[in-house]
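Participant: To start, I am sharing the structure in question, which I have written as structure tokens.
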Amino acid sequence: MKLLIKPPLMSLITISTQIFSRGFLFPRKRLMLTYLVAMICILGTSGISLYLFLIKNLNQQLDRELLTLVEAAAPSLNIIKSEGLQSLDREVPWRNLFSEQEYSLEWYDSEGKLLAREGTQFPHMSLFKTISPAQLNKGFPVLQRLGHIQTATISVYANNPDEETPILEGYIRASESTQEMEVILDKLRVGLALGGTTALVLVSIGSIYLTQEALSPTQRGVQQISKITSDVSHHLRTPLTRISIATEILLSKKDKIQPEEVKKLNIINTAVEQIRRLVEELLFLVRADLPSKLRESVSLKPLLQPLSQQFESIAQARGINFQTELLSNVLVSGDSVRLTRLLTHLLENAFNYTDPGGSVFFSMKLSHGTVIISVRDTGMGIADGDLPFIFQGFWRGELAQNKQPEGFGLGLTIAYAIVQQHQGEIKVSSQIGVGSCFQVHLPLA
Ligand SMILES: Nc1ncnc2c1ncn2[C@@H]1O[C@H](COP(=O)(O)OP(=O)(O)OP(=O)(O)O)[C@@H](O)[C@H]1O
Ligand SMILES: [Mg+2]
């Protein structure tokens, strides 16, 4: 596969025609959306990370406080066991902690039986209902969240002078309500939601402004290139017509010139015809975005019947089997000249890239509010790897260049632009050596 004419000016024209054939709305919307999605991802990730970091910090702080409390209370278990609850006043001087803040302490014996309890915020569940003795006897504090209460439980051991293993005296559980933390988190959530919404509004305004700023130089550049292309193409028409007329005049006096000269004049004529076609196709592409009579209601059969008849004679001349199946009373909203041109390009390709003996099918069917116009051939087909390129300006397949050396690679670019103008879709399926099928989907009027 090769790209055809690619000197610098041509590359420029290719780019401009491609951008124009898709319109400027598409890149603008895509740029804005990309920017918005990127900003939402950044803001969302930062907000969630901040929120998770704060939750983790608050939880760690709560756990640290509970661990300090429960470890400080460890010596009191023995005293409570021997002297009872009344010793609390004497042994736990920091007990006002329980009334001022939302802490609680519970003392259990080694069987898990509650010996004493201080404070108001504690889980309404006995110790062994929430933790198994095996878990507790591992020697580490056990941290748990039970509803709105966070707890830290430790096992308390007494030294056994005779044996190596210490004797289990019981357990102490410290608890604290998480309500205060939840209030802080609620405020944080509200703050993040408000901040996020404000940031999103600002980012949206920024994205519109930045997209405008980023695209306007390109837009201006493309407009200039299109204008130059349009002017150059326009001004080429007159000299081309003059050359054409001059060669025709010379050719009309065949008897007065040498056969060798006639041959050369014919070559000039063919070349002029080719340039004229290129100029005309470029002009069409750069003007593709200009308004046309797209609102006219077009009945497809009367439009496509003459086209089909035209190709019937080409089919006969080339020995290709041509079958047509056009539906009556199918109306689309569009420009009849452009629609004819679209299908001419597709039919031309089907005939150009199908060998004598092959077949071309031209048909129509209705499906869910759209008409599907198919041009199917049993020709040379398109390789899978080439399919992404076929709608690009000036792209031609290698086989196509051998079969039709005079092509430009613009037929499908024009077809694509016309389908876009009609809010339609163009789909291709193809298999090398088997054939191709181009389907144009157009909304019904
Ligand atoms: N029906 C088809 N069968 C096989 N290949 C096709 C067919 N239609 C298009 N192609 C491939 O797509 C390429 C681009 O097609 P397009 O119509 O744009 O250009 P072209 O036919 O090469 O030249 P032009 O239409 O400007 O005369 C072709 O060169 C060819 O490789
Ligand atoms: Mg073509």
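The values are calculated or read from the model by the stated rules, or taken from the named source; none is laboratory data. For clarity, every value in this text was computed on a predicted model and none was experimentally measured. Heads up, the Cβs are rebuilt from the backbone with ideal geometry, glycines too, and the neighbour counts pull from every protein chain shown.
Participant: Here is a check on your reading of the model: is GLN258 surrounded by fewer than 16 Cβ atoms within 10 Å (Cβ to Cβ), under 28 Å from VAL360 (Cβ atoms) and not aliphatic (A, V, I, L, M)? Can you show your working first?
Facilitator: Details: surrounded by fewer than 16 Cβ atoms within 10 Å (Cβ to Cβ): yes; under 28 Å from VAL360 (Cβ atoms): no; not aliphatic (A, V, I, L, M): yes.
No: the conditions fail for GLN258.
Participant: Follow-up. Given the criteria in contact with a His (Cβ under 9 Å, 6 or more places away or on another chain) and either under 14 Å from VAL440 (Cα atoms) or within 15 Å of ligand 2 (Cβ to nearest atom) (or both), does VAL371 qualify? Working first, answer last.
Facilitator: Details: in contact with a His (Cβ under 9 Å, 6 or more places away or on another chain): yes; either under 14 Å from VAL440 (Cα atoms) or within 15 Å of ligand 2 (Cβ to nearest atom) (or both): yes.
Yes; evaluated as a whole, the condition is true for this residue.
Participant: Looking only at the range 397-445, count how many residues are of a type in the set (D, E, K, R), more than 23 Å from VAL337 (Cα to Cα) and touching a Phe, Trp or Tyr at 6+ places or on another chain (Cβ under 8 Å).
Facilitator: First pass over the range 397-445, keeping only residues of a type in the set (D, E, K, R): 398, 403, 406, 425, 427.
After this cut, where a residue has to be more than 23 Å from VAL337 (Cα to Cα) as well, the list is 398, 403, 406.
Those left that are additionally touching a Phe, Trp or Tyr at 6+ places or on another chain (Cβ under 8 Å): 403.
Total satisfying the criteria: 1.
Participant: Moving on to the next point. Checking the structure you have, find out if any residue of the range 302-316 is of a type in the set (D, E, K, R) and touching a residue at least 24 places away in the same chain (Cβ under 8 Å). Write out each step before concluding.
Facilitator: Step one: filter the range 302-316 for residues of a type in the set (D, E, K, R), giving 312.
In the following step, the residues that additionally are touching a residue at least 24 places away in the same chain (Cβ under 8 Å) were identified as none.
No, the range 302-316 contains no residue that is of a type in the set (D, E, K, R) and touching a residue at least 24 places away in the same chain (Cβ under 8 Å).
Participant: Sticking with this one: From the set of residues in the range 430-445 that are part of a strand (DSSP E or B) and within 21 Å of GLY357 (Cα to Cα), which is farthest from ligand 1 (Cβ to nearest atom)?
Facilitator: Looking only at the range 430-445, we keep the residues that are part of a strand (DSSP E or B), and these are 430-431, 435-444.
Those left that are additionally within 21 Å of GLY357 (Cα to Cα): 430-431, 435-438.
Values: SER430: 7, GLN431: 10, GLY435: 7, SER436: 4, CYS437: 9, PHE438: 7 Å.
Across the range 430-445, the extreme among qualifying residues is GLN431.
Participant: Can you find a residue that is at pLDDT below 90, over 25 Å from LEU58 (Cβ atoms) and part of a strand (DSSP E or B) anywhere in the range 151-159? Walk me through it before giving the result.
Facilitator: Taking the range 151-159 first, the residues at pLDDT below 90 are 157-159.
Now narrow it down to the ones that are over 25 Å from LEU58 (Cβ atoms): 157-159.
Right, trim to part of a strand (DSSP E or B) and you get 157-158.
Yes; the residues of the range 151-159 include at least one that is at pLDDT below 90, over 25 Å from LEU58 (Cβ atoms) and part of a strand (DSSP E or B).
Participant: Filter the range 367-397 for residues that are under 22 Å from ASP355 (Cβ atoms) and more than 8 Å from ligand 1 (Cβ to nearest atom) and give the result.
Facilitator: Correct list: SER374, ARG376, THR378, ALA383, ASP384, LEU387.
Participant: Please work out if ILE208 is on the phi < 0 side of the Ramachandran plot, of a type in the set (A, V, I, L, M) and at pLDDT 90 or above.
Facilitator: On the way: on the phi < 0 side of the Ramachandran plot: yes; of a type in the set (A, V, I, L, M): yes; at pLDDT 90 or above: no.
The answer is no for ILE208.
Participant: Continuing with this model, one more query. Given the conditions (1) polar (S, T, N, Q); (2) under 30 Å from ILE267 (Cβ atoms); (3) at pLDDT below 95; (4) away from ligand 2 (no atom under 12 Å from the Cβ), report the number of the one that GLN404 does not fulfil.
Facilitator: It fails just one condition, (4).
Participant: Given the conditions (1) among the hydrophobic types (A, V, I, L, M, F, W, C); (2) surrounded by 20 or more Cβ atoms within 10 Å (Cβ to Cβ); (3) touching a strand residue (DSSP E or B) at 6+ places or on another chain (Cβ under 8 Å); (4) within 25 Å of ARG295 (Cα to Cα), report the number of the one that ALA445 does not fulfil.
Facilitator: Unmet condition: (2).
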